[in-house]
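The structure appears right after this line, and notes come after that.
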Amino acid sequence: MHAKPNPDGLRWDHTAAEIKDLYKKQIKEWNATMNEIVGFKGVRNFENTVHAISNLESDMELKSVQIVFYSSVAVNKEMRVAAKEYEKAISEYNLDLWMRLDVYHCFDTYKKIAFKDGSFAKLDKES
């Protein structure tokens with residue numbers, strides 16, 4: 001038996017009310033992180049651009065997949081509805097996030113630097 005009730009980090013004790021407020025908190029957190037990434041004033045490189053954004057994407061997926069799963073498996077109708085609303089809000093946010101011009105410029109600046117200084121060619125296949 002595990003010492004922690006959720007050794008994998010997942011929670012299964014959310015309430016419908018909590019889910020309704022959760023996406024607002026997460027979107028605020030993700031916006032702050034993305035604003036920090038695109039607002040970086042130093043020289044763009046793989047770590048502070050692509051890797052940082054990839055980490056943000058991973059965090060978004062990890063935090064939202066469990067809540068979205070409730071929409072399919074929750075016995076309580078209120079939970080399923082709250083999870084569907086959450087899914088819709090996160091989906092809209094995700095679409096808006098990737099349409100941000102400053103995010104495009106962040107990648108574009110990195111690409112130009114990486115091709116110019118040769119660092120792009122030095123990336124391993126996973127990167």
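For Q66 and K88 in the same chain, what is the full-extension length gain: residue separation times 0.36 nm, less their Cα-Cα distance, in nm?
Numbers: separation 22, 0.36 × 22 = 7.92 nm, distance 1.42 nm.
Going from the current span to full extension adds 6.5 nm.
Using just the helices of the chain, give the 222 nm mean residue ellipticity in deg cm²/dmol: DSSP H runs with n ≥ 4 each add -39,500 (n - 2.57), and the total is spread over all residues, rounded to 500.
The helix contribution divided over the chain gives -23000 deg cm²/dmol.
Taking the simple approach of a point 7 Å from Cα along Cα-to-Cβ for both E29 and N48, what is their distance in nm?
Result for the modelled spin labels: 2.5 nm.
Please count, across the range 18-103, the pairs of lysine residues with Cα atoms under 29 Å apart that sit 8 or more places apart or on different chains.
Final tally of qualifying lysine pairs is 25.
In the chain, if the dipole is taken from +1 on Lys/Arg beta carbons and -1 on Asp/Glu beta carbons about the Cα centre, which of V81, L95, H14 is farthest to the positive end?
L95
Pick out, from C106, A52, F69, the residue whose Cα sits farthest towards the positive end of the charge dipole of the chain, with +1 on the Cβ of Lys and Arg and -1 on the Cβ of Asp and Glu.
Looking along the dipole axis, the top candidate is C106.
Convert each backbone phi in the range 61-66 into a coupling constant with the Karplus relation 6.51 cos²θ - 1.76 cosθ + 1.60 (shift: θ = phi - 60°), then list the ³J(HN,Hα) values in order as whole Hz, x for Gly and Pro.
Along the range 61-66, the couplings run 5, 4, 6, 9, 4, 5 Hz.
Each value in this text was obtained by applying a stated rule to the coordinates, not by laboratory testing. Model, not experiment: these values are computed from the prediction. Neighbour counts run over all protein chains shown; Cβ positions are idealised from the backbone, glycine included.
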